[in-house]
Amino acid sequence: MSQHLRIEWCPSSRLPALQSFIDKNWAAGHVLAKDADLFRWQHPHLESAARLSMLTAVDNEQIVGLLGVIPVGISVYGERVPGGFLAMWFALPEYRNRQAGLALLNAAHSHCQVVGVLGFNSQVHITFKAMRYEIWPELPRFVSVISDTRMALMFRESGNGWQLTPLRQKRVSPKPPDHIMEWDESFVERWDSFWDEFSRGIVGTWRDWKYLRHRYARHPRYRYKLLFAENPKTHQLEGLAVYRLEPVGATGQSVMRIVEFLADLNAGERLADALIARAHQHEVAFADFFCTSEIFANPLVAAGFYRESENSGHLPCLFQPLELRYRPLNAAVRFPSGSPIRSGSDVYFTKSDGDQDRPNLLA
């Protein structure tokens, strides 16, 4: 490796050069190569506005490699530790055998006690396994067909037929249940009170009010709906569900992408009913939710969602454009050395934690 090679957080002033590198070497026309606002939103450095949370390998002042880190706090049973989700890991071919990519990854490990990644190829899988990441070969996906008619229209417009796999009876909610409220800045103390208690039982992204505001309420491109469940007697918040609507290519149909579902047992049922009611109101074809642990999806399953498997078949998961071939979404997380944490039922990560629920095309 060249003696001039250094690994550093990219200065904000070098964003144009970084975008040019991505466009030329990673993917021509990639949204982050064109959309500076989205780039700054996805990769803010938590300690300095003068830097981006994008690690770069630099040789003679030229960018020769990069590794994006989406910075987040991580709850380890209520203790907040620094963490990050990896995105866009690449080094120029002539620097790969000089271990520039490994140097970038080691730098990420040095800054984050918990490191996660969603969606990676078989070659990277070997690297993560060697570094003792906990690996989910396929992130569990829970789906519910909302309208057989709209499903048929979606597949017909795509030039393919559609046959409904027999499912359990769906619970239809004609209107949302009471005490389900949308995002409001006045909820901050009540949500953080709920999160402080709830976080003690899980391992996952630190989803306090500040995180929800940045990740969902102030997303620069997507419009998310945040639904909060309130206890009708105490007025305390007891759960959260977040979703967005995604058009299905040019078919004229849409799907509901549920990206958060966190609730106490009783509130979970009301939130599930609220989501089903919204899905009918929005006239979507189906709804889905990716989550590492089935425990958190249990209220959705009780409401008629089912976990996809080889036996039940798979619905499409890419819609811009619609891609009928199913591609399982894998995940990996590196926990602190010596930690007793494993990929158990109390580990809660969803598709939205990494870069798998971000725009990949400019509007």
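Of the strands (runs of 3 or more DSSP E) lying entirely inside region 31-135, those carrying at least 1 residues that are farther than 23 Å from S337 by Cα are 51-59, 62-76, 79-91.
For region 59-101, a residue qualifies if it is of a type in the set (A, V, I, L, M, F, W, C), within 24 Å of the chain's Cα centre (by Cα) and surrounded by fewer than 19 Cβ atoms within 10 Å (Cβ to Cβ), and the qualifying residues are V81, M88.
Consider L275 carefully, then state whether it is of a type outside the set (V, I, T), within 29 Å of A332 (Cα to Cα) and either touching a helix residue (DSSP H, G or I) at 6+ places or on another chain (Cβ under 8 Å) or at pLDDT 95 or above (or both). It is true that L275 is of a type outside the set (V, I, T), within 29 Å of A332 (Cα to Cα) and either touching a helix residue (DSSP H, G or I) at 6+ places or on another chain (Cβ under 8 Å) or at pLDDT 95 or above (or both). Given the condition farther than 19 Å from C291 by Cβ, modelled with pLDDT of 90 or more and not assigned by TED's automatic domain parsing to the domain that holds R40, answer yes or no: does some residue in region 158-180 qualify? Taking every residue of region 158-180 in turn, at least one turns out to be farther than 19 Å from C291 by Cβ, modelled with pLDDT of 90 or more and not assigned by TED's automatic domain parsing to the domain that holds R40.
Looking only at residues in region 228-273 that are touching a residue at least 12 places away in the same chain (Cβ under 8 Å) and among the basic types (K, R), the one that is farthest from S147 (Cα to Cα) is R270.
Examine region 315-332 for a residue that is surrounded by 15 or more Cβ atoms within 10 Å (Cβ to Cβ) and of a type in the set (D, E, K, R), and state whether such a residue exists. Among the residues of region 315-332, not one is surrounded by 15 or more Cβ atoms within 10 Å (Cβ to Cβ) and of a type in the set (D, E, K, R), which makes the answer no. Among the residues of region 245-273, those identified as more than 14 Å from F305 (Cβ to Cβ) and either outside the structural domain of S193 (by TED's automatic domain parsing) or touching a Pro at 6+ places or on another chain (Cβ under 6 Å) (or both) are G249, S254, R270. Are there any pairs, at least 6 apart or on different chains, whose C-beta atoms fall under 8 Å, with the first in region 119-138 and on the phi > 0 side of the Ramachandran plot and the second of a type in the set (S, T, N, Q), and if so, which? Going by the 8 Å Cβ cut-off, the qualifying pairs are G119/N330; G119/Q356.
Is there a residue in region 292-303 that is touching a Ser or Thr at 6+ places or on another chain (Cβ under 7 Å), of a type in the set (G, A, S) and not in a helix (DSSP H, G or I)? The answer is yes; a qualifying residue exists. Checked against the criterion of being out of contact with any helix residue (DSSP H, G or I) (no Cβ under 8 Å at 6 or more places or on another chain) and either of a type in the set (A, V, I, L, M, F, W, C) or modelled with pLDDT under 95 (or both), the candidates V58, V64 yield just one match: V58. Test W183 against the criterion of being in the same structural domain as V255 (by TED's automatic domain parsing), of a type in the set (F, W, Y) and at pLDDT 90 or above, and give yes or no. Considered against the rule, which asks whether it is in the same structural domain as V255 (by TED's automatic domain parsing), of a type in the set (F, W, Y) and at pLDDT 90 or above, W183 comes out as yes.
For the condition over 22 Å from P82 (Cα atoms) and touching a residue at least 60 places away in the same chain (Cβ under 8 Å), M151 qualifies.
The values are calculated or read from the model by the stated rules, or taken from the named source; none is laboratory data. None of the values given here were measured: they were computed from a predicted structure. Glycine gets a Cβ as well: all are built from the backbone with ideal geometry, and neighbour counts include every protein chain shown.
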